[in-house]
Each structure stands twice: as structure tokens, then as C-alpha cells.
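Chemist: Below you will find the structure I want to go over with you.
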Amino acid sequence: MNFTSDNATGAHPAILNAIGVANGGSVGAYGGDALSRSASDKIAATFERNGDEAAVFLLGTGTAANALALAALTPPYGAVYCHRDAHINTDECGAPEMFTGGAKLIALDGAHGKIAPATLQSVLSQAGHGVHRVTPRVLSLTQSSEAGTVYTPDEIGTLADIAHQHGLAVHMDGARFANAVAALNCSPAELSWKAGVDVLCFGASKNGALAAEALIVFAKADPDDIAFRRKRAGHLFSKMRFIAAQFDAYLEDGLWLANARHANAAARRLADALDEMDGVRLAHPVQANEIFIHLPASMVTRLEADGAAFYRWAQIPGEETVLIRLVTAFNTPDDDIDALIAIARAEAAKS
């Protein structure tokens, strides 16, 4: 019963098989092979773009994708606006600041992990003080958010319009982009460039890949600049075909969305069952594959003792509940969900 993270899972068999197939023979290095080119074209086509309309850069980690994207969008004296809980602000060890040469991340508050248009408009209207302050350059959105919620295309469009009116580019951290697309049942294009996203970091590692991320440039950034930055940063893989093979299988016959739908459905079933129990309260709406939920401390202790793994997120002093995070994945077994629910119900029945 491992609900710690979708990073804790293995890779989908179809993706592992694709890596094995790609292992045969010798091909051009550093992305100079047919599979790398075709996989990049396949990614662009998924977003209703061709190679001239979207530049695709294959990478191995989401941190590299985000940091390289931001470095291409802002100078060292620029400001990147993001949610306070955004991964770039809390979990990337200063990589965005290092890769940008010192750009400043400005964290914004927002309910349920999302930035409100009024908040962004207010902050940007007050920005600027000549050379004495950093200059606004990028709005960064996380999809799905760090609270497990999703931005709709209209919400992205509103935020992107505000950002563009103030001269900012729009970056999207899409580590769980597949979960958002599956949750909203819209097209990848509608949730990205059609809504005003300029650069998207399209993640696959959390959704069944071994290690595969793609940085997709729709506008604002110079692809040639990113190409040199990727090499200089040590993220141009010599054997790029193995990342390409993962994306080729990931996008084939809608595997990426099937994986995401399974994870989302598992989270919904688990959240619904827990939320019906006495003393339990959801912290955020469950819209993708993350659950943030307040459970009685005794229930948390019982779940851990019986083998359930998850993160204790916070405990408010004076309260008898613990906020925990549960994350489901593309291969979360129904038996694990049933077992966790049974343990929680047994504990709830004692009170």
C-alpha cells in the first residue's frame, strides 16, 4: 500500500519493452537518430503542432526541464511569479535560480494550489521600480497543481492574458499534465498553447515512464538558445533514443491518458470512501491523482502500523487530526485501495 508518490512506482511494461526494442543496433548519438526525430514529431502532433510550430527537447528530469525553460524566458534580473507551493519554489534545490543566473522567484498565495487572476493582476500592477527591482518576466503555472487540483482552459487563458498584457511569458510545469488532461477531458492543445501557454514541460516520468520529460516551446523562447543551454547543463543525452523510445510508447494508442485515468479514478474512489468517515475532512478538491486529507491521528497511526505508506503533511497544534497526502499512480492496485479503506473503516468504527 504505497501511496507516497507516483515517483515510487515502476515503469509501464509497454515502455520498458520499447526501450528494449530501441536497444538493437547502432544509431546516431545526441538525438541524431530517426526514433528521436519521430518521437519529437509525435509529441508536437499530440499538441496539434508540427515541427515548425513547436520545438521539442527531450530530457530525463522535470527539474532540468523547468530550469532550462525558465532560463530561456528570463534574464538574471527577471522575476518569475509562481504559486507558493509550486515545485520550482519548494522542491528543486534552487535549480531555477542557478540556471537563470539568479532570477528571483516570487511566490503567490492562492486557494487549493492555484493562482487567482485578481492576485496576479494586483501584483503585476504594483511591479516595477526601475533598476531597483527585478523586472516581471514569467508566470509559471503547475498543472496539475501541487494541491491535486487542475486549471481549466478558461482559467489558464485568463491568467495568460494578464501575463501577456504585462509582457510576461507563460511557463507551465506539466509534471502531471496527463492527469489534468484526463480529468478535464479536453485536448492537450486546449490546455496549453491554445490557452496561452508559451512553454510547457510535459512530464511522463510520474505516469509510467522510466525517465522521460519533454520541454515544448510554442512561443516566446528561442529554441537555439535552449539547445545550447541543454548541452551546457549536461542534459543532452548521448543515447537519446532511449528517452525517445519511452515517449513513442507513452503516446501510442493513448497509453498516457489511459494511465492517467486509472490514477485519477483510483484517487477519486479512495477519497470518496475516506471522506464519508467520521472525523475525516478533505483539504482540497480531489481532481487528479493527489489527495490531501485530514484524518484522526489514531487512524493515521493505525494505517501506518498496518503497512500503508504515505506522507504526513502537517499537524495543526491543538487539533486531533493529521493532514496526510496520498498519491495514486498508473498501476495502483484496487486491492491496495480496498485494504486501506478497510483499515480506516475499522479504526473509525472504534470511535
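The values are calculated or read from the model by the stated rules, or taken from the named source; none is laboratory data. Everything quoted here is computed from the prediction, not taken from an experiment. All Cβ positions, glycine included, derive from the backbone under ideal geometry; neighbour counts span all protein chains shown. Accessible surface is based on the protein model in full, side chains and every heavy atom, while ligands, DNA and RNA are left aside. Shrake-Rupley method; radii C 1.70, N 1.55, O 1.52, S 1.80 Å.
Chemist: Which one is surrounded by the fewest Cβ atoms within 10 Å (Cβ to Cβ) among residues in region 67-84 that are closer than 15 Å to Leu215 by Cβ and touching a Leu at 6+ places or on another chain (Cβ under 7 Å)?
Modeler: For region 67-84, the residue satisfying everything is Leu68.
Chemist: Moving on to the next point. Out of Gly203, Gly279, report the one residue that is open to solvent by 40 Å² or more (accessible area, probe 1.4 Å) and either under 26 Å from Ala95 (Cα atoms) or not assigned by the TED database to the domain that holds Ala72 (or both).
Modeler: Gly279
Chemist: What's the total number of residues in region 42-59 that are touching a residue at least 12 places away in the same chain (Cβ under 8 Å) and open to solvent by 10 Å² or more (accessible area, probe 1.4 Å)?
Modeler: Residues that pass the stated criteria total 8.
Chemist: Still on this model: Hey, among the residues in region 334-351 that are small (Gly, Ala, Ser) and crowded, with 19+ Cβ neighbours inside 10 Å, which one's modelled with the lowest pLDDT?
Modeler: Ala348
Per-residue answers, yes or no, for (1) within 14 Å of Ala245 (Cα to Cα); (2) in a strand (DSSP E or B); (3) open to solvent by less than 50 Å² (accessible area, probe 1.4 Å):
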site	(1), (2), (3)
Ser5	no, no, yes
Val27	yes, no, no
Gly31	yes, no, yes
Ala65	no, no, yes
Ile88	no, no, yes
Met98	no, no, no
Ile106	no, yes, yes
Ile115	no, no, yes
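Chemist: Can you pull out the residues in region 141-165 that are under 16 Å from Thr119 (Cβ atoms) and not in a loop (DSSP other than H, G, I, E, B)?
Modeler: Leu141, Thr142, Glu155, Ile156, Thr158, Leu159, Ala160, Asp161, Ile162, Ala163, Gln165
Chemist: While we're here: Based on what the data block shows, is Ser238 open to solvent by 10 Å² or more (accessible area, probe 1.4 Å), of a type in the set (Ser, Thr, Tyr) and at pLDDT 95 or above?
Modeler: yes
Chemist: Still on this structure: On the basis of being farther than 30 Å from Ala309 by Cα and assigned to a loop (DSSP other than H, G, I, E, B), does Gly20 make the cut?
Modeler: Criteria not met by Gly20.
Chemist: While we're here: Scan Ala309, Ala288, Ala265 and give me the residue that is small (Gly, Ala, Ser), closer than 27 Å to Phe202 by Cβ and open to solvent by less than 50 Å² (accessible area, probe 1.4 Å).
Modeler: The conditions single out Ala288.
Chemist: Mind listing whichever residues of region 312-333 are closer than 27 Å to Trp256 by Cα, surrounded by fewer than 21 Cβ atoms within 10 Å (Cβ to Cβ) and in contact with a helix residue (DSSP H, G or I) (Cβ under 8 Å, 6 or more places away or on another chain)?
Modeler: Across region 312-333, the qualifying residue is only Asn331.
Chemist: Can you confirm whether region 169-176 contains a residue that is assigned to a loop (DSSP other than H, G, I, E, B), within 21 Å of Leu139 (Cα to Cα), free of Cβ contacts under 8 Å to residues at least 60 places away in the same chain and open to solvent by less than 20 Å² (accessible area, probe 1.4 Å)?
Modeler: no
Chemist: For the subset of region 117-147 comprising residues that are open to solvent by 50 Å² or more (accessible area, probe 1.4 Å) and among the hydrophobic types (A, V, I, L, M, F, W, C), which member is nearest to Asn179 (Cα to Cα)?
Modeler: Out of the qualifying residues, it is Ala118.
Residue-wise test of (1) among the aromatic types (Phe, Trp, Tyr); (2) outside the structural domain of Ala69 (by the TED database); (3) surrounded by 24 or more Cβ atoms within 10 Å (Cβ to Cβ).
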{"site": "Ala178", "(1), (2), (3)": "no, no, yes"}
{"site": "Leu184", "(1), (2), (3)": "no, no, no"}
{"site": "Ser187", "(1), (2), (3)": "no, no, no"}
{"site": "Glu190", "(1), (2), (3)": "no, no, no"}
{"site": "Val199", "(1), (2), (3)": "no, no, yes"}
{"site": "Leu210", "(1), (2), (3)": "no, no, no"}
{"site": "Pro223", "(1), (2), (3)": "no, no, no"}
{"site": "Arg232", "(1), (2), (3)": "no, no, no"}
{"site": "Ala260", "(1), (2), (3)": "no, yes, yes"}
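Chemist: Check region 253-261 and report whether any residue there is at pLDDT 95 or above and among the acidic types (Asp, Glu).
Modeler: yes
Chemist: Something else about it: With respect to Thr100, determine if the residue is more than 14 Å from Val138 (Cβ to Cβ) and free of Cβ contacts under 8 Å to residues at least 60 places away in the same chain.
Modeler: no
Chemist: Further question: When both residues are 6+ apart or on different chains and their Cβ atoms are under 8 Å apart, which pairs have a first residue that lies in region 186-210 and is farther than 18 Å from Ala71 by Cβ and modelled with pLDDT of 95 or more, and a second that is open to solvent by less than 10 Å² (accessible area, probe 1.4 Å) and acidic (Asp, Glu)?
Modeler: Lys206/Asp6; Asn207/Asp6
Chemist: Continuing with this model, one more query. Could you please find all residues in region 268-303 being farther than 19 Å from Gln315 by Cβ, out of contact with any strand residue (DSSP E or B) (no Cβ under 7 Å at 6 or more places or on another chain) and small (Gly, Ala, Ser)?
Modeler: Ala273, Ala288
Chemist: Moving on. Go through region 212-221 and count every residue that is surrounded by fewer than 20 Cβ atoms within 10 Å (Cβ to Cβ) and among the aliphatic types (A, V, I, L, M).
Modeler: So the count comes out to 1.
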